[in-house]
Amino acid sequence: MNRLNRRGFLRTGITGAAGLLAFSPALASKQASQQSKNTTFRTLGKTGLKVPVVSFGVMRADNPNLCKAAYEKGITLFDTANGYQNGNNEIMLGNLLKNYPRKSFILETKVKPAGVDRDGRPTGQTTSDDFLAKFKTSLTRLQMDYVDILYIHDVRNPELLEFKPLTDAIKKLKKDGKTKFIGFSTHANMPSVINAAAESKVWDVVLTAYNFKLDSIPEMDSSLKKANDAGLGLIAMKTIAGGGFLDKEKTKPINSTAAIKWALSNPNIHTAIPGMTAFDHLDMNIKIMEDIKMSDQEKKDILLASMEQSLFCTGCSKCNHSCPKNLPVPDLMRAYMYAYGYSHPAMAYQLLADLGTGSSPCTDCQTCQVNCASNFKVKEKIADISRLVNVPNEFIV
Ligand code: SF4
Ligand code: SF4
């Protein structure tokens, strides 16, 4: 399905969309012992890795038995990061995966370079030593000699992809066999960083936010096509657009199955890493792996949800520098989404602590000058989420 057709799906409605998602990608397919014969596989670009279309975003998972069950049901790719759960996420995966043959799973982790500014540019604190030391810690936690994919965490500016201390360091890690493949994750300004990666010969894989709520789907799809044509592996995250609900009050559920299938309806996406924290999430995702075709009801659900406001900040960067106090508005919106969309106040709490914006950052500001492209009531949301800063640590779970 081409980009225009996908846009047409959201624009023309259910009838006009009928059949548009019934693409027949030329998928690599093999049957592993644990996997259903119906599992859909795609090849992760030039890495040549064949992966089920659904993988495991481990970020919020803290139950190793859930990861074990996923592995046993044929999920092979696990995504974590140096910063998740203060390192406990990598430790949990390391303790589990050491029990399995190393080549039977794909482990990817991310390292966030220090000192990157709000516009995604490196500063004096962005050093190879910092990056390499964090990665070394990750390997120790994971109890592994190497990872399959190492990402620079959170790239929002192509300048960072050309910052030699970082690119030289990650390329050397690949050369030394500490990682099989290298890439970056991105959840803001995605089209421009993906285009830059497609033009460079450095990167193997991109992990990108991708869902039906993005404000620039045609631009995104064009970048993804360009990257796929250049041989990059492309993995989708944030496919459910901010958690299971459109609203804070949890009265408007998102059809998660439909949302993941929507992302996979783009053949340039090779696998998705929905977050799983419960066994019913796993059951749902195994079903998707075996049948990615959207039903008419699923198309309808996505179409209707695409027209509603949600908790998901698209990372469009259109609000950049519009706050006179220079508040990191997209990050604060992300904290809001963690608390109310993911129902994970601990993640919101940690992000707010990292941002250091305090409990009432908009005090003394009479009129909000931020015009959010998603029509968020920015001042209201910032006041709401920032109260979390005053909650004693022991109450944050
Ligand atoms: S109310 Fe709006 S403009 Fe004022 S400080 Fe808060 S985010 Fe910035
Ligand atoms: S807060 Fe609004 S304008 Fe700013 S990046 Fe998010 S969606 Fe875009």
Scan region 67-116 for residues that are part of a helix (DSSP H, G or I) and among the aromatic types (Phe, Trp, Tyr) and jot them down.
-> Tyr71, Tyr84
On the given criteria, is Met337 within 16 Å of ligand 2 (Cβ to nearest atom), within 17 Å of the chain's Cα centre (by Cα) and buried (at least 22 other Cβ atoms within 10 Å of the Cβ)?
-> yes
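Residue by residue through region 353-378, note down the ones that are assigned to a helix (DSSP H, G or I), within 16 Å of ligand 2 (Cβ to nearest atom) and closer than 30 Å to Val58 by Cβ. Please lay out each step first, then the result.
Residues of region 353-378 that are assigned to a helix (DSSP H, G or I), as a first pass: 353-355, 378.
Pick out the ones that are also within 16 Å of ligand 2 (Cβ to nearest atom) and you get 355, 378.
Within region 353-378, Leu355 is the sole residue that qualifies.
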Is it true that Glu249 is under 25 Å from Lys299 (Cα atoms) and free of Cβ contacts under 8 Å to residues at least 60 places away in the same chain?
-> yes
So, of the residues in region 280-332 that are more than 16 Å from ligand 2 (Cβ to nearest atom) and of a type in the set (Val, Ile, Thr), which turns out to be nearest to Thr357 (Cα to Cα)?
-> Ile302
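Quick check, is Tyr336 part of a helix (DSSP H, G or I) and either β-branched (Val, Ile, Thr) or within 16 Å of ligand 1 (Cβ to nearest atom) (or both)?
Numbers: part of a helix (DSSP H, G or I): yes; either β-branched (Val, Ile, Thr) or within 16 Å of ligand 1 (Cβ to nearest atom) (or both): yes.
Judged against the criteria, Tyr336 is a match.
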Which ones in region 270-303 are within 21 Å of the chain's Cα centre (by Cα) and within 30 Å of Val378 (Cα to Cα)?
-> Ala272, Ile273, Pro274, Gly275, Met276, Thr277, Ile302
The lone condition Ser306 fails out of (1) in contact (Cβ under 8 Å) with a residue 60 or more places away in the chain; (2) of a type in the set (S, T, N, Q); (3) over 23 Å from Ser374 (Cα atoms) is (3)
If Val378 satisfies every condition in (1) surrounded by 18 or more Cβ atoms within 10 Å (Cβ to Cβ); (2) over 19 Å from Gly242 (Cα atoms); (3) within 9 Å of ligand 1 (Cβ to nearest atom) but one, which is the exception?
-> (2)
Pull up region 304-333, narrow it to residues that are in a helix (DSSP H, G or I) and out of contact with any Ser or Thr (no Cβ under 9 Å at 6 or more places or on another chain), then point me to the one that is surrounded by the most Cβ atoms within 10 Å (Cβ to Cβ).
-> Ala305
When Lys261 is run through (1) in contact (Cβ under 8 Å) with a residue 24 or more places away in the chain; (2) within 16 Å of ligand 2 (Cβ to nearest atom); (3) touching an Asp or Glu at 6+ places or on another chain (Cβ under 9 Å), the failure sits at (2)
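Might you let me know whether region 315-328 holds any residue that is under 22 Å from Asp117 (Cβ atoms) and in contact with a His (Cβ under 7 Å, 6 or more places away or on another chain)? Spell out how you get there, then give the answer.
Here is the first cut: in region 315-328, the residues under 22 Å from Asp117 (Cβ atoms) are 315-328.
Narrowing further to those that are in contact with a His (Cβ under 7 Å, 6 or more places away or on another chain): 315.
Yes - at least one qualifying residue is present in region 315-328.
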Matching residues in region 122-142 - criterion: being assigned to a helix (DSSP H, G or I), of a type in the set (Ser, Thr, Tyr) and more than 12 Å from Thr109 (Cα to Cα) | Ser128, Thr140
Residues Ser317, Ser306, Ser322: which one is within 16 Å of ligand 1 (Cβ to nearest atom) and within 19 Å of the chain's Cα centre (by Cα)?
-> Ser317
Being surrounded by 23 or more Cβ atoms within 10 Å (Cβ to Cβ) and assigned to a helix (DSSP H, G or I) is the filter; apply it to region 174-205 and report the residue that is nearest to the chain's Cα centre (by Cα).
-> Met190
Which of the residues spanning region 133-153 are surrounded by fewer than 18 Cβ atoms within 10 Å (Cβ to Cβ) and in contact with a helix residue (DSSP H, G or I) (Cβ under 8 Å, 6 or more places away or on another chain)?
-> Thr137, Gln143, Asp145, Tyr146
Which pairs have Cβ atoms under 9 Å, sit 6 or more apart or on different chains, and link a residue in region 44-61 that is on the phi > 0 side of the Ramachandran plot to one that is assigned to a loop (DSSP other than H, G, I, E, B) and not hydrophobic (A, V, I, L, M, F, W, C)?
-> Gly45/Asp204; Gly45/Gly231; Gly45/His270
Can we say Lys110 is in contact with a Phe, Trp or Tyr (Cβ under 9 Å, 6 or more places away or on another chain), of a type in the set (Lys, Arg) and surrounded by 14 or more Cβ atoms within 10 Å (Cβ to Cβ)?
-> yes
Given the conditions (1) closer than 30 Å to Val54 by Cβ; (2) among the aliphatic types (A, V, I, L, M); (3) within 13 Å of ligand 1 (Cβ to nearest atom), which single one is not true for Met294?
-> (3)
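Every number in this text was worked out from the coordinates using simple rules, so none of it is lab data. Note that the coordinates shown come from a computational prediction; the quantities given were computed from them, not determined experimentally. So basically every Cβ, Gly included, is an ideal-geometry build from the backbone, and we count neighbours across all protein chains shown.
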